[in-house]
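Where a number appears in this text, it was derived from the coordinates with a stated rule and is not lab data. Since the model is a prediction, treat every value here as computed from it, not as a measurement. Heads up, the Cβs are rebuilt from the backbone with ideal geometry, glycines too, and the neighbour counts pull from every protein chain shown.
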Amino acid sequence: MEKSKRIILTILSLIGLALAIELCVVYYNANFAVDAKPSICAINEMMDCDGVARTSYSQFFGVPLSLWGVLLYLFFLFMTYVDKLQDKKFMGILKVFKNPASYIFCIGLFSFIISMILGCISILKINAVCIFCFMTYFVNLLIAITAKTKGISITDEVKISITDFFDALKDKKNVFWLVLVLLMFASMLAYTTVSNIFSPQIKKMQELKSKIGSYREIVDGNSIGPKSADVIINEYMDFNCGGCLFTHMYLHRIVDEFKNVRVIQHQLPLEKACNHNMQDEGHKNSCIKSKYALAAAKQNLYWEMADLLFYDGPDNEKEIIESARLLDFDIKKLKEDAYSEEVAQELSASIDDADSKSINGTPTIYIGIKKQMGVGSYFDFKQTIIDNGGIEKEQNE
């Protein structure tokens, strides 16, 4: 390999490696370090490395893309100097790498193509971009351009790499080492994919999706349960209400245990910003949370959003969006609906409905026509439902 090409490839690979390591730090802070400050590339809602790092698109087979990047740039560095290592003691096996520049070109070009796909996903699906990620995309392109051999077409570069690979497999020792490495690699990927060891946020969101998925067929907007149910439970709630969290957990259990009960949640945010009955500020950001819950209902994902708001506990709109990106939301539509006149009217109607029933606190529960504040113990709540016509699932089978 020419000296000038080796120098440029070394510089580009080191730049890429530095970016990938920084992205690993961003990924760790975004997903594991609860008290970490926003990264320097978390500039606004659109340019948000932290937000992108929390999505399922920031990993492949359970391994963060930033870590894949580290491996990629180490590979480029290794290939840049592999011809220097081939004559070293115990390094004879490296002679199978006959045309390292071609390998760097092919992998670099392939990485750039994958990068462009990720870039489109970032812009169109996540609605946020990672500046450092985009910088690595162009580093990949520059590496491919630098590594390309003059006078040789792209097709021939690919043919050279493929031919060298199969020539190497003619030696049984090389086949043994290849199979061994692939088995170890596959085992590692299987573990990271199943365990989600690098993805605590995604693991949490999968649990939420699994919970709703168990009775998705009886979900309709802000209600769960068959429309022909004998017992209707109406709950007036606020996402910043501690008692509402426990009530929410109880309602999930009720739907699991009974099959003739229908639960309907109504928004009653106790915040002056949208509730005309409140004299002070009340529960900060309750209004925007209710709006996002109603907006999620437009995508028939109300209960996923309700679980997210209660269990994941986002404090503000930015955190709501970051968490929503982990689920199946159309983020652009979610934002538009949350600020639509239709959702504003729905929220106002829900508050007026509670006002007409003289409800001024949460959680307020109606089991049939029986009204009660809070639910007390789960045993008492369950007994009240049975007394009002509910039949336990086991008795109905």
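Worth a mention:
- For segment 204-396, the Kirkwood hydrodynamic radius from C-alpha pairs, put into Stokes-Einstein at 4 °C and a viscosity of 1.567 mPa s, yields a diffusion coefficient of 77 µm² per second.
- Ellipticity estimate at 222 nm from DSSP helix runs (n ≥ 4, -39,500 (n - 2.57)) divided over the chain, nearest 500: -18500 deg cm²/dmol
- Pairwise Cα inverse-distance average, inverted: Kirkwood Rh of segment 24-183 (Å): 17.8
- Distance between modelled label sites at L14 and D35, nm, 7 Å Cα→Cβ extension: 3.6
- Between N360 and N388, full extension at 0.36 nm per residue minus the direct alpha carbon distance yields a gain of 7.6 nm.
- For segment 64-146, the convex hull drawn through the C-alpha positions has a volume of 92 cubic angstrom per residue.
- Sequence-distant lysines (8 or more away, or on other chains) whose Cα lies within less than 21 Å of K382: K211, K227, K259, K370, K371, K393
- Debye intensity ratio in log₁₀ form over the Cα atoms of segment 1-119, taken at each q of 0.17 Å⁻¹: -0.90
- Gyration tensor verdict on the chain (Cα atoms; rounded if a/c is under 1.5, prolate if a/b is larger than b/c, oblate otherwise): prolate
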